[in-house]
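Some notes on the structure that comes next.
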Amino acid sequence: MKNNSVHIESHLIATLSSVPDPEIPVLTVLDLGVIREAVEKDNTVFIKLTPTYSGCPAMDVIADDLKAAFANEGKTAEVTLILSPAWSTDWISEEGLQKMEAYGIARPLSETHDKEVLLGGKKLVKCPQCGSTETNLVSQFGSTPCKALFKCESCQEPFDYFKCLR
């Protein structure tokens, strides 16, 4: 499932690409797939933003950062939260997934595998440090509620796993 309902005017992409996710700063809002629409009319950029989960505290920061980024270009930005359809980890770009792994966060698995890992203890999460799947769940919640904390038995490193959200 990919987010097919995105409409972003091409001249806005560079500015949107400069706005990082405050919780995973190597990812941009475009990498995350949270921008549903960005259009400009009369020097105002209208942005529709989908939260990664309802109540995510980062959305206010992202909205403020988007407004500041466009203000630096002499434009006003209006940000509206869109809750439906709900955001999915499927909307993270492949480039974003690669950046996430390089940053030390394991990419989300499929919905079925996610449940097997988080509830059944299966060893399917790949350590972003050494690539081993000899990993164990330490806590259902990692540095943020959308992540779980794992430990690699091969390299002994702890790491976050980005939970599958659909």
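Computed from the coordinates by the stated procedures, all read-outs in this text should not be read as laboratory data. Predicted model only: the values in this text are computed from it and were never measured. No Cβ is skipped: glycine too gets one built from the backbone with ideal geometry, and neighbour counts run over all protein chains shown.
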> What are the semi-axes of the equivalent ellipsoid for the stretch 104-162, taken as the square roots of 5 times the Cα gyration tensor eigenvalues, largest first, in whole Å?
Replying inline: 15, 13, 10
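Counting other Cβ atoms within 10 Å, keep those with at most 14, restrict to DSSP loop, and tell me which GluC sites (Glu not before Pro) in the stretch 44-126 are left. Could you put the intermediate results ahead of the total?
Numbers: sites: E73, E78, E94, E95, E101, E111, E116; in loops: E73.
Of the GluC sites (Glu not before Pro), the ones in loops of the stretch 44-126 whose Cβ has at most 14 other Cβ atoms within 10 Å are E73.
Order of D64, D31 from fewest to most other C-beta atoms within 10 Å? Walk me through the numbers before you get to the answer.
Values: D64 14, D31 22.
Ascending Cβ contact count within 10 Å gives the list D64, D31.
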> When Lys and Arg each count +1 and Asp and Glu each count -1, what net charge do the other residues less than 13 Å away from L119, Cβ to Cβ, add up to?
Replying inline: 0
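If Lys and Arg each add +1 and Asp and Glu each add -1, what is the summed charge of the other residues whose beta carbon sits under 9 Å from the beta carbon of L97?
Working: positive: K99, R107; negative: D31, E94, E95, E101.
My count for the surroundings of L97 gives -2.
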> Residue farthest toward the positive end of the dipole of the chain, with Cβ of Lys/Arg at +1 and Asp/Glu at -1: which of C127, G74, H11?
Replying inline: C127
> GluC sites (Glu not before Pro) within the stretch 1-68: which are DSSP loop residues with at most 16 other Cβ atoms inside 10 Å?
Replying inline: E9
>> What translational diffusion coefficient, to the nearest whole µm²/s, does the chain have by Stokes-Einstein, given a Kirkwood radius computed over alpha-carbon pairs, a temperature of 20 °C and 1.002 mPa s viscosity?
In response: 128
> Give or take rounding to whole Å, what are the principal axis extents of the alpha carbon atoms in the stretch 7-91, in descending order?
Replying inline: 32, 24, 20
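Can you give the charge dipole size of the stretch 90-158 about its Cα centre, rounded to the nearest 20 debye, using +1 on the beta carbon of Lys and Arg and -1 on the beta carbon of Asp and Glu? Walk me through the intermediate numbers first.
Values: 8 positive and 10 negative charges, 38 e Å.
The calculation lands at about 180 debye.
What does the net charge come to around T28 if you take all other residues with beta carbon closer than 10 Å to its beta carbon, with K and R at +1 and D and E at -1?
Working: positive: K99; negative: D21, D31, E95.
With Lys, Arg at +1 and Asp, Glu at -1, the neighbours total -2.
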>> No partner Cβ under 4.7 angstrom, meaning no disulfide-compatible partner by this rule: which Cys of the chain qualify?
In response: C56, C146, C164
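Which of the pairs K48/K126; K48/K123; K99/K163 have their Cα atoms more than 28 Å apart in this structure? Mind showing how you got there, number by number?
Working: K48/K126 34 Å; K48/K123 38 Å; K99/K163 16 Å.
Going by Cα-Cα distance, K48/K126; K48/K123 fall outside the 28 Å limit.
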>> If I model a spin label as a point 7 Å beyond the Cα along the Cα-Cβ vector, how far apart are those points for D42 and S154 in nm?
In response: 5.9
> Label L81 and T144 with points 7 Å out from Cα along Cα→Cβ: what is the distance between them in nm?
Replying inline: 1.4
>> Please compute, for the alpha-carbon atoms of the stretch 52-129, the extent along each of the three principal axes and give them in descending order in Å.
In response: 51, 29, 19
